[in-house]
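Following: one structure in structure tokens, then a few remarks.
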Amino acid sequence: MDNWYTEYAGYKLRLIRIEQTWLEMRARHWIKGDHGYFAGSYSTGGGAGAKKSVDKSGESGIIGEKEDLPRKIKNESNAVDWSLVQTEDYSKKFTKLSDDEKVASAIETRAKWALNNRDGKNTEELYAVSLKDGREIGRITDQNYSSAVKRTRKFQRELNRADESGEEILLLHNHPRGLPPSISDINALMKNKNVSGITVGHNGTIYRYTRPNKAITKSDWSIALRKHKKYSVITSMEKALADLSSNYGFEFELI
């Protein structure tokens with residue numbers, strides 16, 4: 001009887017230790033986000049000095065738009081060229097995105113909101129607009145990542161809802177340097193079916209792009225850029241995207 005009790009007590013003690021260990025691990029590895037708990041992601045490298053990186057998927061989902069800079073631009077400025085943006089010719093560019101005056105106006109309004117809010121800054125914001133009626137489906141205007149914006153779960157949820165109903169959607173975000181869309185921008189469209197995108201540059205450029213039939217690889221992007229390295233940063237990116245558009249089944253144009 002004494003042996004049985006001793007074994008039972010030892011068994012209970014092991015359970016308590018296991019529970020304590022689990023609670024400690026949860027406290028260290030789990031982080032509370034706006035939409036509940038999500039697990040931390042750690043590197044596989046061992047040792048006390050191993051670097052840990054937190055998985056921010058609870059905040060940003062699995063996709064995000066980002067302005068990509070292959071090499072440095074001289075005299076870089078993030079100031080908006082209002083002398084161009086406030087012209088009638090600039091406004092006419094949005095009529096190429098929709099024959100519906102109401103929809104074109106809704107897109108232009110949000111483009112100018114983004115430019116006004118981010119004038120002189122290297123940060124971005126993102127809007128989703130219905131090409132059916134100009135309705136705003138979602139927006140992300142409260143982030144300050146360098147030349148990037150990360151989709152929140154709420155934004156992606158609203159986007160999915162409109163996409164699943166068959167609604168055509170335009171995603172709009174600003175590019176502080178005025179560069180063409182990056183492969184991150186284009187690949188981000190893979191998450192949904194009925195989507196296309198535009199980037200509005202602080203220099204007055206507007207680029208339109210559509211969903212590829214498969215994700216563009218970094219290696220193909222690098223090869224395409226090297227092919228046109230004798231050109232300026234913007235021209236080399238434009239030519240690289242034109243090369244990749246046929247292989248990856250997407251459209252790209254400077255409006």
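The values are calculated or read from the model by the stated rules, or taken from the named source; none is laboratory data. None of these values were measured; they are calculated from a predicted model. Every residue, glycine among them, receives a Cβ derived from its backbone with ideal geometry; neighbour counts consider all protein chains shown.
Scanning segment 96-120 for residues that are closer than 12 Å to HIS175 by Cα and either outside the structural domain of ASN203 (by TED's automatic domain parsing) or over 21 Å from the mean Cα position of the chain (by Cα) (or both) yields nothing. Modelled with pLDDT of 95 or more and more than 17 Å from ARG118 (Cβ to Cβ): does that describe ASN187? Yes.
Based on this model, can you work out whether LYS102 counts as farther than 30 Å from TYR231 by Cβ and at pLDDT below 95? So that I can check it myself, show each step before the final result.
Values: farther than 30 Å from TYR231 by Cβ: yes; at pLDDT below 95: no.
When the stated conditions are applied, LYS102 does not pass them.
Just name the residue that is surrounded by the fewest Cβ atoms within 10 Å (Cβ to Cβ) out of those in segment 211-234 that are among the hydroxyl-bearing types (Ser, Thr, Tyr) and farther than 23 Å from SER196 by Cβ. So that I can check it myself, show each step before the final result.
Within segment 211-234, the first condition is being among the hydroxyl-bearing types (Ser, Thr, Tyr), and the residues that meet it are 217, 219, 222, 231-232.
Of the ones still in play, those that are also farther than 23 Å from SER196 by Cβ are 219, 222, 231-232.
Working: SER219: 8, SER222: 13, TYR231: 14, SER232: 11.
If we take residues in segment 211-234 being among the hydroxyl-bearing types (Ser, Thr, Tyr) and farther than 23 Å from SER196 by Cβ, then SER219 is surrounded by the fewest Cβ atoms within 10 Å (Cβ to Cβ).
The combined condition, being surrounded by fewer than 14 Cβ atoms within 10 Å (Cβ to Cβ), at pLDDT 95 or above and either closer than 22 Å to ALA162 by Cβ or assigned by TED's automatic domain parsing to the domain that holds TYR127 (or both), is fulfilled by GLU251. Please tell me if GLY120 is at positive phi and out of contact with any Asp or Glu (no Cβ under 9 Å at 6 or more places or on another chain). It is true that GLY120 is at positive phi and out of contact with any Asp or Glu (no Cβ under 9 Å at 6 or more places or on another chain).
Does LYS214 qualify as being within 25 Å of ARG151 (Cβ to Cβ), of a type in the set (Lys, Arg) and in a loop (DSSP other than H, G, I, E, B)? Step through it out loud before you land on a result.
Working: within 25 Å of ARG151 (Cβ to Cβ): yes; of a type in the set (Lys, Arg): yes; in a loop (DSSP other than H, G, I, E, B): yes.
When the stated conditions are applied, LYS214 passes them.
This table checks each residue for (1) within 13 Å of the chain's Cα centre (by Cα); (2) outside the structural domain of SER182 (by TED's automatic domain parsing); (3) of a type in the set (Ser, Thr, Tyr).
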position	(1), (2), (3)
GLU124	yes, no, no
VAL129	no, no, no
GLY138	no, no, no
THR141	yes, no, yes
ASN144	yes, no, no
ALA148	yes, no, no
ARG151	yes, no, no
GLN156	yes, no, no
ASP163	no, no, no
